[in-house]
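I have placed the structure first, in the form of C-alpha cells, so that the comments after it can refer back to it.
The values are calculated or read from the model by the stated rules, or taken from the named source; none is laboratory data. This one's a predicted model, so the numbers in the text were calculated from it and none came from an experiment. We place every Cβ from the backbone using ideal geometry, glycine too, and count neighbours over all the protein chains shown.
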Amino acid sequence: MTEASADPALPHATRPDVALFSYGTLQLPAVQLDTFGRLLTAEPDVLPGFTTDYLEIQDARVTGLSGRDVHPIVRRTGNHLDKVVGAVLWITEDELEAADEYEVEQYDRVSVTLSSGRTAWVYVAR
C-alpha cells in the first residue's frame, strides 16, 4: 500500500501521508486505538545504523495502554551492520502530534532513511 492508497475511508484532507517507523508499542492495537482512534496501515521495513535497547517506563498511562513497563528504545550506532526491524505506520499530521504525546520524555522524534529508501519519523533515545 502506498501513501495515496492508504485508508480510502478517510476524507482526502485527512489521508495518512506521514510515515512513522515503529519498532514497539505503537504497533499494538490497543495503543493505536487509544492514541489515534483507529487501527493503522503498516508496512514492514528496517532501520539501519541503529540498535535496540530497553527503557523502564514510569508513566502509568503509557504502561496501562501497552501492558508493559519496559519498552524498546533505539539508539543510533552508525554501524551499517546494526538494524532494527519494524513497520512504517501511515498517519496524519494530527496523529503525529498524538504520537508525540504518547511517547515519554526519554524519546526524541527524528527523521531517518529506512532500508526501503523511504524517509520516516522515528522515536529514538534522547
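Tell me, please, whether a residue that is among the small types (Gly, Ala, Ser), surrounded by 13 or more Cβ atoms within 10 Å (Cβ to Cβ) and out of contact with any helix residue (DSSP H, G or I) (no Cβ under 9 Å at 6 or more places or on another chain) can be found in the stretch 90-104. Scanning the stretch 90-104, I find no residue that is among the small types (Gly, Ala, Ser), surrounded by 13 or more Cβ atoms within 10 Å (Cβ to Cβ) and out of contact with any helix residue (DSSP H, G or I) (no Cβ under 9 Å at 6 or more places or on another chain), so the answer is no. Selection of first residues in the stretch 56-69 that are under 17 Å from ALA98 (Cα atoms) and of second residues that are outside any helix (DSSP H, G or I), restricted to Cβ pairs under 7 Å at least 6 apart or on distinct chains, gives the following pairs, ordered by first then second residue: ASP59/VAL104; VAL62/VAL104; THR63/ILE57; THR63/ASP69; SER66/LEU28. The set of residues from the stretch 22-48 being in contact with a His (Cβ under 6 Å, 6 or more places away or on another chain) and in a loop (DSSP other than H, G, I, E, B) comprises just one member, GLY24. Scanning the stretch 49-76 for residues that are touching a Pro at 6+ places or on another chain (Cβ under 8 Å) and either among the hydroxyl-bearing types (Ser, Thr, Tyr) or surrounded by fewer than 14 Cβ atoms within 10 Å (Cβ to Cβ) (or both) returns THR52, ASP53, TYR54. Would you mind stating whether ARG61 is modelled with pLDDT of 95 or more and charged (D, E, K, R)? No: the conditions fail for ARG61.
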